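Student: If you scroll down you'll find the structure; I have some questions about it.
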Amino acid sequence: MSQPAKTIAFFGATGGCALTALEHSLRAGYHCAALVRSGDKLKGMLSRTTPTTSLRIVEGDATNPQSVRDVLVDPTTNAVVDSLVYGLGYRPTTNNPLTWKFTTPTLCEDTTRLIMQTLEDLRPAVPPFATFISTTGTDHSGDVPTLMTPFYHYSLKVPHADKAKMEEVVYAARDKGAIRDWLIVRPSLLTDGEATHGQTKIGFEGSDKKELKSELNLSEGGCGWRSVNGLAVGYTICRKDVGAFVFEEGVFNGGEKFKGKKVRLTH
């Protein structure tokens, strides 16, 4: 699994999916920079077996231009990172899905615009590859089970609209040259729990043409995914499995299999 050291910027590293991807990246020996509001919180969330010598923590906010620049640029080399992983999101204000409200309804769109504008201004010779964690249900592609449709389109209407706008910003950024390419990861409803390695199904437009499967085992940071015909439709997926997929395909393989793809993940 030996590879030259890559540099990766993480947004939302204290969330379950991006945190897992960060831990796998550090174990693989990559140089990682994470933008977080609290460095102590991130350190407390990392497992004891995760090495941190290659971790650079930037304390700040993804809505702050200087904070975004600081995580995208290595201060020792002045070089822009090789890739970025975006896992920002937000939780509802109450535990009752019928009364959910969201205090920052355009968080993902706004912060993604700032990231891409910063990269446009930096004009790196080789723009980074970008992996963005989105969600199923952002369009009318049929990637949500029928029984879940009312919940997705009522309780989750606001965050899904935000994720959809975020995706549009990512598409445009490639056309402008701010990033060299992208991978959009659209998981089903996220759950906690341990990684399963072997239960993750993936699907995307055109995935019926050939069968694909994970190449990394659990100890290497893989999630044991396998492709299905067409879009993968299911109810839930574990955050750690999503993070492992982001690491394996977005970081380790650099998006090689899925450049410009919207990949659905489910159990």
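The values are calculated or read from the model by the stated rules, or taken from the named source; none is laboratory data. Please read all numbers here as calculations on a predicted model, not as lab measurements. Methodologically, a virtual Cβ is constructed for each residue, glycine included, from the backbone with ideal geometry; neighbour enumeration extends over all protein chains shown.
Student: Return the total of residues in region 157-171 being buried (at least 18 other Cβ atoms within 10 Å of the Cβ) and either in contact with a strand residue (DSSP E or B) (Cβ under 9 Å, 6 or more places away or on another chain) or at pLDDT 95 or above (or both).
Tutor: Looking only at region 157-171, we keep the residues that are buried (at least 18 other Cβ atoms within 10 Å of the Cβ), and these are 159-160, 162-163, 166-167, 169-170.
Within this subset, residues satisfying the condition of being either in contact with a strand residue (DSSP E or B) (Cβ under 9 Å, 6 or more places away or on another chain) or at pLDDT 95 or above (or both) are 163, 166-167, 169-170.
Looking only at that region, the number is 5.
Student: Turning to a different aspect of this structure: Among Ala13, Ala18, Ala34, Ala62, which is the only one that is of a type in the set (A, V, I, L, M), touching a residue at least 40 places away in the same chain (Cβ under 8 Å) and not in a loop (DSSP other than H, G, I, E, B)?
Tutor: Values: Ala13 fails: not in a loop (DSSP other than H, G, I, E, B); Ala34 fails: touching a residue at least 40 places away in the same chain (Cβ under 8 Å); Ala62 fails: not in a loop (DSSP other than H, G, I, E, B).
Every option except Ala18 fails the conditions.
Student: Further, regarding this structure: Tell me which of these Leu183 doesn't satisfy, since it passes every other one: (1) at pLDDT 90 or above; (2) more than 21 Å from Leu88 (Cα to Cα); (3) not hydroxyl-bearing (Ser, Thr, Tyr).
Tutor: Of the numbered conditions (1) at pLDDT 90 or above; (2) more than 21 Å from Leu88 (Cα to Cα); (3) not hydroxyl-bearing (Ser, Thr, Tyr), the odd one out for Leu183 is (2).
Student: How many of the residues in region 226-251 are surrounded by fewer than 24 Cβ atoms within 10 Å (Cβ to Cβ) and within 18 Å of Gly29 (Cα to Cα)?
Tutor: Result for region 226-251: 1.
Student: Taking only region 131-149 into account, find how many residues are in a helix (DSSP H, G or I) and surrounded by fewer than 18 Cβ atoms within 10 Å (Cβ to Cβ).
Tutor: Within region 131-149, the first condition is being in a helix (DSSP H, G or I), and the residues that meet it are 146-149.
Imposing the further condition that a residue be surrounded by fewer than 18 Cβ atoms within 10 Å (Cβ to Cβ) reduces the set to 146-147, 149.
So the answer is 3.
Here is a yes/no grid of residues against (1) of a type outside the set (Asp, Glu); (2) surrounded by fewer than 22 Cβ atoms within 10 Å (Cβ to Cβ); (3) within 23 Å of Glu249 (Cβ to Cβ):
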position	(1), (2), (3)
Gly16	yes, yes, yes
Ala21	yes, no, yes
Gly44	yes, yes, no
Arg48	yes, yes, no
Arg56	yes, yes, no
Gly60	yes, yes, no
Asn64	yes, yes, no
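Student: On to the next question. Of these, Thr131, Thr146, Thr138, which one is under 14 Å from the mean Cα position of the chain (by Cα) and either modelled with pLDDT under 85 or not aromatic (Phe, Trp, Tyr) (or both)?
Tutor: Among Thr131, Thr146, Thr138, only Thr131 is under 14 Å from the mean Cα position of the chain (by Cα) and either modelled with pLDDT under 85 or not aromatic (Phe, Trp, Tyr) (or both).
Condition check ((1) farther than 24 Å from Ala62 by Cα; (2) among the aliphatic types (A, V, I, L, M); (3) surrounded by fewer than 16 Cβ atoms within 10 Å (Cβ to Cβ); (4) in contact with a helix residue (DSSP H, G or I) (Cβ under 8 Å, 6 or more places away or on another chain)) across all residues:
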{"position": "Phe151", "(1), (2), (3), (4)": "yes, no, yes, yes"}
{"position": "Ala173", "(1), (2), (3), (4)": "no, yes, no, yes"}
{"position": "Asp181", "(1), (2), (3), (4)": "no, no, no, yes"}
{"position": "Thr200", "(1), (2), (3), (4)": "yes, no, no, yes"}
{"position": "Lys210", "(1), (2), (3), (4)": "yes, no, yes, no"}
{"position": "Gly224", "(1), (2), (3), (4)": "yes, no, no, yes"}
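Student: While we're looking at this one, here's another question. Collect the residues in region 101-130 that are in contact with a Pro (Cβ under 9 Å, 6 or more places away or on another chain), within 23 Å of Ile237 (Cα to Cα) and not in a helix (DSSP H, G or I), keeping them in residue-number order.
Tutor: Phe102
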